[in-house]
Amino acid sequence: MADAMNRPVDPASAAAARPPASGLLARAERLPARRLASGLLLGLVGLPLLTVALTGLRSHVDLSSVLLLYLLVVVVVAVVGGFVPAASAAVGAFLLANWYFTPPFHQFQIAKQADVLALIVFVAVAVAGVVSALVDLAARRRVEATRARAEAEALARLGGTLLHGHDPLPELVEQLRVTFGLDSVALLRRDRQGWGIEVVAGHTAPIRPEYATDAVELDPQTMLALTGRRLASNDRRVLRAFTDQLAVALESRRLSRAAADAALLAEANQLRTALLAAVSHDLRTPLASIKTAVTGLLQDDVALPPEATAELLATIDQQTDRLDALVGNLLDMTRLQTGALSLHNRPIGMDEVVPAALASLADHGRGVQVDVPETLPRVHADPGLLERAVANVVANALAWSPPDRPVQVTAARHGDRVELRVIDHGPGIPAGDRDRLFQRFQRLGDAGGSGVGLGLAVAHGFLDAMHGQITPGDTPGSGLTMRITLPIADGQPNQEAAP
Amino acid sequence: MSRVLVVDDEPQIRRTLAINLRARGYQVDLAASGEEALKAAADQQPDVVVLDLGLPGIDGLQVIHGLRGWTQAPIIVLSVREREADKVAALDAGADDYVTKPFGINELLARLRAAVRRATPTDEQVPIVQTPDFRVDLAAKQVIRDGMEVRLTPTEWQLVELLVRNPGRLVSQRQLLHEVWGPKYREETNYLRVFIAQIRRKLEPDPAHPRYFITEPGMGYRYQP
């Protein structure tokens, strides 16, 4: 353990462990040791070789040519090895020139004034050249570093975009546009008519790949079209990262669309199954009574007593009414679902609607206790639809009421709304089941009740369309109280509207 | 006369059934829920039960289980549920027949008669079953059609005997498999299809439109005299 901790740190692994951003910056300012050594070696080998070659030609070349050649070596050393080898090479070249090429030869002395000047100029030029070469190099490296940092940032943003849960396509495309400073970027999808825009960023979207400055194929059906400046070749690497991410995002968009479609289909299927079950039960139950009564009447093997015949005929009469009401509700529901409902809202008094609703019920809603004051303000509603809604709610209350506990219908004003209460003393509905009460074709259990599957759903749909509300609640003791509220029509009380 | 317990939560169905059954001399008791049905069955000891499946409270299926705990009185299910799974579940629970709503009163009366006939065992054997098209001699194990003997395989014979001994009554797939093939056979309804088809080819005047050996889809077979 202690051994491992005391082990000297390997410089290579230490360098690798540094964060990449500081690595980029560091590389731009400091050269690796390998290049420093190469520079020194170049100086050490290059200068003596040049000196040997030049001493052979000493009578043919003058000092200025010699110094120019030395300068060349120094600059090359500077480019390869940086400042230290270059400065060493410059000093070396100065000494070599002094020793071999300024009379008196082979002494560090200079006889001619002109030669002194030439050597001084040489050193000055060498230093200046080296520095300028290095500055230029550093500047270029800095540009590269900046660029690398920008790339890294763009890629990091790109990675982040895909990590968010929502559809990343619009953001990706906008990022692409901003990163490259383009006018617009569009994802085009091939369809039957030609090209459709899947996503776009910027103002002047290219609607066809031909209109783009640059176009990249993501897959056979999808093109990335860019307008604005033409991308440089070194932009391609980042562009490639963008196109990769775009392809992933496109695929995920396609998958989530397919999933949404499938969920929608499943929901539609479920609704259809529920509809079939509800229709099958609600239509067949009265049909069964009718069929039994009719086939009983048709039998001639026994003579039915007159009161039995009358009862069978009465059953047929009631059950055909019930079937008619069910078919009416089915049509209303279909109208609601297909949006074919036409509303004719006008001010109407609850005291007009409630008696009409009761009259439409079997037995004319006999036994229902009504307390709807005529002095209540009128509501804004479609009289026909409101009547159907109220009738359905009262019919449901009647279906669940014990014979000795009548259904009550009361109305009162609450602020800018009128509330109608339909109160029954039946078994009631547990609070947890009330959400399902108004679901289309939802019946709470397939047993009992008549037409529960449709009536309340229709009432809910109608009231919703008229900006009304229907809320189930408890009747104190036992039972269900349905509260129907509707907005008051312009605050006009009932009697003032009379001419 | 036979005593019938009618169980249905629809008052109109109870009323019309009661009128029709009483007119034909049945004693009728009525129940509107599963709880009432179990209590009435215990109190009145009905000869046959006509039962709706969709009941408030205790479901019809549970009523069948409850009744089968102590009585073998035939149970005829009346229901709007027409899925095969519902029928199979009711028959497997112990129901004897299944009639889907809406139904003609004739059909229900015929099923009732068949159910009551089976439930009241008579010592009197039916050694010979005669139809306009063929004659089955149960004692001699012989089938005659157009004056000629029809050769049946042992399996075909067992099926024919089981069906004609229960005229008008639904014999469930499971019962046929159990009695002809053995207790291990429960799901092999394809055997039944094959053998019934062979029987029809041998006995029915028009095998494609059977007149005597009727298929009740999902439930079983019925011999219609």
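Numerical summary
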read-out	value
Förster-model FRET efficiency, 45 Å R0, A:HIS106 and A:GLU144, C-beta, rounded to 0.05	0.45
Set of lysines near A:LYS291 by C-alpha distance (under 19 Å), chain-local residues within fewer than 8 positions excluded	B:LYS101
Net charge contributed by nearby residues that have their C-beta within less than 12 Å of B:PRO207 (K/R +1, D/E -1)	+1
Packing-based order for A:406-415, A:259-268, using average beta carbon neighbours within 10 Å, highest first	A:406-415, A:259-268
For A:THR213, distant residues with modelled amide H under 5 Å away	A:LEU226, A:THR227, A:GLY228
Shielding by partners - mean other protein chain Cβ count within 10 Å, residues of A:319-325	1
Chain lengthening between B:GLU82 and B:GLU216 when straightened (0.36 nm per residue, less Cα-Cα)	47.0 nm
Ellipsoid equivalent to chain A - semi-axes via the Cα gyration tensor, in Å	100, 24, 23
Among B:PRO167, B:PRO74, B:PRO56: highest mean-square fluctuation, GNM of chain B, C-alpha pairs under 10 Å	B:PRO56
Helical segments meeting 24 Å axial Cα length and Kyte-Doolittle 1.6 threshold in chain A (DSSP H)	A:63-81
Local net charge near A:PRO206, Cβ-Cβ under 11 Å (Lys/Arg +1, Asp/Glu -1)	-2
Fully extended contour minus Cα-Cα distance, from A:ILE207 to A:ALA152, at 0.36 nm per residue	16.7 nm
Average projected area [Cα convex hull, the stretch A:167-251], square nanometres	5.1 nm²
For residues of B:55-62, the mean tally of beta carbons on other chains within 10 Å	2
Prolate/oblate/rounded call for the stretch B:3-119, Cα gyration tensor, a/c under 1.5 rounded	rounded
Two-site FRET efficiency, B:GLN142 against A:ALA260, from Cβ-Cβ distance with R₀ of 56 Å, rounded to 0.05	0.25
Estimated dipole of chain B in Debye, rounded to 20 [Cβ of Lys and Arg +1, of Asp and Glu -1, Cα centre]	440 debye
Dipole magnitude of the stretch A:167-251 about its Cα centre (Cβ charges: Lys, Arg +1; Asp, Glu -1), debye to nearest 20	300 debye
In order through the stretch B:8-23: 3J(HN,Hα) via Karplus (6.51 cos²θ - 1.76 cosθ + 1.60), integer Hz, x for Gly, Pro	7, 7, 8, x, 5, 5, 4, 5, 5, 5, 4, 4, 5, 6, 5, 4
27 Å Cα-Cα reach of B:LYS141 towards lysines, excluding residues that sit fewer than 8 places from it in its own chain	B:LYS184, B:LYS202
Nitroxide proxy distance, nm - points 7 Å out along Cα→Cβ at A:ARG34 and B:GLN62	8.4 nm
Whole-Å distance, taken between Cα centres, linking the stretch A:306-348 and the stretch A:81-136	114 Å
Cα-projected label distance for A:ARG192 with A:LEU313, points at 7 Å along beta-carbon direction, nm	6.1 nm
Test item: A:293-302 mean partner chain Cβ contacts at 10 Å	6
Global geometry of the stretch B:96-225, whether rounded, prolate or oblate, following the gyration tensor of its Cα atoms and the 1.5 cut on a/c	rounded
Three-way shape label, the stretch A:132-288, alpha-carbon gyration tensor, a/c 1.5	prolate
Relative compactness, chain B, computed as alpha-carbon Rg over 2.2 N^0.38 Å	1.07
Estimated distance in nm for a label pair at A:THR55 and B:ARG113, the labels positioned 7 Å out from Cα along Cα-to-Cβ	14.2 nm
Net charge, B:LYS87 excluded, C-beta distance under 11 Å - Lys, Arg +1, Asp, Glu -1	-4
Length-normalised contact order for chain A - Cα pairs under 8 Å, 6+ apart - percent	9 percent
For the stretch A:167-251: relative contact order, % (alpha-carbon pairs under 8 angstrom, 6 or more apart)	30 percent
Top positive-direction residue, dipole computed over the stretch A:342-497 with Cβ charges, set A:THR471, A:ILE488, A:PRO355	A:THR471
P(r) tail fraction, the stretch A:342-497 - alpha-carbon pairs more than 29 Å apart, %	13 percent
Sequence of A:LYS291, B:LYS184, B:LYS39 once ranked by neighbouring C-beta atoms within 10 Å, starting from the fewest	B:LYS184, B:LYS39, A:LYS291
Antiparallel bridges, percent of DSSP beta bridges restricted to the protein assembly as shown (to nearest 5)	75 percent
Additional length obtainable on full extension of the chain from A:LEU137 to A:THR338, 0.36 nm per residue less Cα span	65.1 nm
Least to most buried among A:MET350, A:MET223 (fewest other Cβ within 10 Å first)	A:MET223, A:MET350
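No lab work stands behind these numbers, since they all come straight from the coordinates. Keep in mind that this is a model prediction, so the values were computed, not measured. In this analysis, Cβ positions are derived from the backbone assuming ideal geometry, glycine residues included, and neighbour counts consider all displayed protein chains.
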